[in-house]
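The values are calculated or read from the model by the stated rules, or taken from the named source; none is laboratory data. Keep in mind that what you see is a predicted model, and the values were worked out from it rather than measured. Neighbour counts run over all protein chains shown; Cβ positions are idealised from the backbone, glycine included.
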Amino acid sequence: MDLLGLISWVLLLFLALVVICFLLYCGYIHYQHLKYDHIPGPPRESFFFGHLPTILKLESNNQLVYDLFLEWTEKYGPVVRINVLHEVEILTTSPEAVKEFLMSPKYKKDWFYDRMFCIFGVRFMGKGLITNQDYDQWHKQRRIMDPAFSRIYLKELMGPFNEKAEELMEKLAEKADGKTHVEMHPILSKVTLDVISKVAFGMELNSLDNDRTPFPRAISLVLQAMVEMRNPFIRFSWEKRAFIKEVQESARLLRNTGRECIQRRKKAIQDGAEIPMDILTQILKGAALEGDYDMEDLLDNFITFFIAGHETTANQLAFTVLALAQHPEILEKVQAEVDEVIGAKRDLEYDDLGKLQYLSQVLKETLRLYSTAPGTTRAIEEEITIEGVKIPPKVSLMFNSYVMGRMQQFFPDPLVFNPDRFHPDAPKPYFSYFPFSLGPRTCIGQVFAQMEAKVVMAKLVQRYQFELVEGQSFAIMDSGTLRPMDGVICRLRPRTNSGKSKKVD
């Protein structure tokens, strides 16, 4: 056989293997359909792609896919099947299922969190506190981190919280003329980034005063990549080459920053210098206890806290400004409470935060209507039954706080912003409100985040009146977390008198 004939046979063999693999894949998809099609759900748009074309179309039009999930839930009930290629996810809005699967350590996070291990080939969150699927490893990390979030340590953060919030107030004072358009989300994102950098890692980024700092854009890019990676074909997109390269560079920048920060702290420890009991110290303490100083593992938790520690809080603050500006009567009640509790003083004390009850209700209601971290998933290894629907094993359950927070059966008039839902005497939501997740894997930083949010919002309503600039869409953008698409553009002016007729200087 000559060379040409050999090449022809090889090509024919390769083609035959491709055809066989394709047919086997088709058979597997068909098997998945037979296995799960008894579960309620919308018709698949495609045999191969399932509901993926619909989801990608929404995302390309900057529409929120969770609004579609809400529609499906209202139409098909508390258990909804979603097909993407050969994968099947089950969206459930059953409070009993939320209780069962989130409150128990028995059920692990699923493959969704593998996407966060690396981004386009560059390690990202790796095996950090959010992404680690092994419960024993996660529990060990969590136990080590707990002291950095104890009440004793959090009380000591009031100084930095006040300091950075004051820097924000000074920055806003330059724009508070009642005419200048101020995009609130970016500036709130900078202050929360400055806070987490200082109190968690001892870094002074001063991003409020430094427009050249690359970190806000780097974080936005890696979070956007998390959304873009829902499209399994993005790696092969010619149009996305520049985006992918920029995301890879951003991930490397964040990890290199963490590496430098860790090395400085390790040297300080070796030199016997005084060090704070912050998150970075706890990361290193945990590594010492384990006798394992693997730098990549250390960087996983640096990235986890660096990003998660500021992004969702900034989004919550921006949505809170949006909601208060839309509801002047609620804003007046918040201002009256702030005037009563803190008057004209500049530095809030830890005990002041507990007295700001109505502000707490406003922050909770904001997270109900705008759940910045909308959901979580769990892997199901055995057959289960939810609301009378049998679900075969080897499937992912999706729990979505955004969807459940907007359902009439759990929250009457769900699109109405009503902080009284969270009055101390009001009935507590029954496993339908979980903006920080629930159970053993609840967010370790939720108290930290709400303390920071209270300090910033209290100072903001103490000092300024704000109104929304006309013409905004008020749409919600999915950027890995949920944020206001238009940035919440406001006009600000100083408050001249408080509710107690005290001058706010």
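Observations on the model:
- For region 481-492, the candidate set comprises residues that are under 17 Å from the mean Cα position of the chain (by Cα) and either among the basic types (Lys, Arg) or not in a strand (DSSP E or B) (or both); within that set, the residue that is surrounded by the most Cβ atoms within 10 Å (Cβ to Cβ) is 483.
- Criterion: of a type outside the set (Gly, Ala, Ser), closer than 25 Å to residue 84 by Cβ and surrounded by fewer than 23 Cβ atoms within 10 Å (Cβ to Cβ) - qualifying residue of 262, 275, 269, 244: 244
- If you go through region 228-266 and keep only what is part of a loop (DSSP other than H, G, I, E, B) and under 26 Å from residue 283 (Cα atoms), you end up with nothing.
- Every residue from region 273-316 that is under 24 Å from residue 160 (Cβ atoms) and either in contact with a His (Cβ under 8 Å, 6 or more places away or on another chain) or of a type in the set (Gly, Ala, Ser) (or both): 273, 286, 308, 309, 314, 315
- Where a residue in region 292-315 is of a type in the set (A, V, I, L, M) and its partner, wherever it lies, is not in a helix (DSSP H, G or I), with Cβ under 6 Å and at least six apart: 303/125
- Which numbered condition residue 269 misses (of (1) within 26 Å of residue 156 (Cβ to Cβ); (2) assigned to a loop (DSSP other than H, G, I, E, B)): (2)
- Pairs meeting the criteria (first residue in region 113-130 and over 15 Å from residue 305 (Cα atoms) and modelled with pLDDT of 80 or more, second residue of a type in the set (Phe, Trp, Tyr) and not in a strand (DSSP E or B), beta carbons under 6 Å, at least 6 apart or on different chains) are 118/124.
- In region 122-148, residue farthest from the chain's Cα centre (by Cα) [restricted to those that are over 16 Å from residue 298 (Cα atoms) and outside any helix (DSSP H, G or I)]: 134
- Of everything in region 456-480 that is part of a strand (DSSP E or B) and charged (D, E, K, R), the residue that is modelled with the highest pLDDT is 467.
- Within region 94-110, the presence of a residue that is under 25 Å from residue 227 (Cα atoms), modelled with pLDDT of 90 or more, surrounded by 15 or more Cβ atoms within 10 Å (Cβ to Cβ) and of a type in the set (Lys, Arg) is excluded.
- Region 35-82, subset over 21 Å from the mean Cα position of the chain (by Cα), small (Gly, Ala, Ser) and not in a loop (DSSP other than H, G, I, E, B), residue nearest to residue 398 (Cα to Cα): 50
- Within region 157-175, considering residues that are assigned to a loop (DSSP other than H, G, I, E, B) and either hydrophobic (A, V, I, L, M, F, W, C) or exposed (fewer than 14 other Cβ atoms within 10 Å of the Cβ) (or both), the one modelled with the lowest pLDDT: 157
- Selection within region 176-227: residues that are of a type in the set (A, V, I, L, M, F, W, C) and either in a loop (DSSP other than H, G, I, E, B) or touching a Pro at 6+ places or on another chain (Cβ under 7 Å) (or both). The member of this set that is farthest from residue 248 (Cα to Cα) is 176.
- Of all the criteria given as (1) surrounded by fewer than 17 Cβ atoms within 10 Å (Cβ to Cβ); (2) outside any strand (DSSP E or B), the one not satisfied by residue 432 is (1).
- Condition check for residue 152: among the β-branched types (Val, Ile, Thr) and farther than 30 Å from residue 393 by Cβ: yes
For (1) of a type in the set (A, V, I, L, M); (2) crowded, with 22+ Cβ neighbours inside 10 Å; (3) part of a helix (DSSP H, G or I), each residue gets a yes or a no:
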| position | (1), (2), (3) |
| --- | --- |
| 320 | no, yes, yes |
| 329 | no, no, yes |
| 339 | no, no, yes |
| 344 | yes, no, no |
| 347 | no, no, no |
| 362 | yes, yes, yes |
| 366 | no, yes, yes |
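- Every test in (1) surrounded by fewer than 20 Cβ atoms within 10 Å (Cβ to Cβ); (2) in contact with a Phe, Trp or Tyr (Cβ under 8 Å, 6 or more places away or on another chain) is passed by residue 77 save one, and that test is (2).
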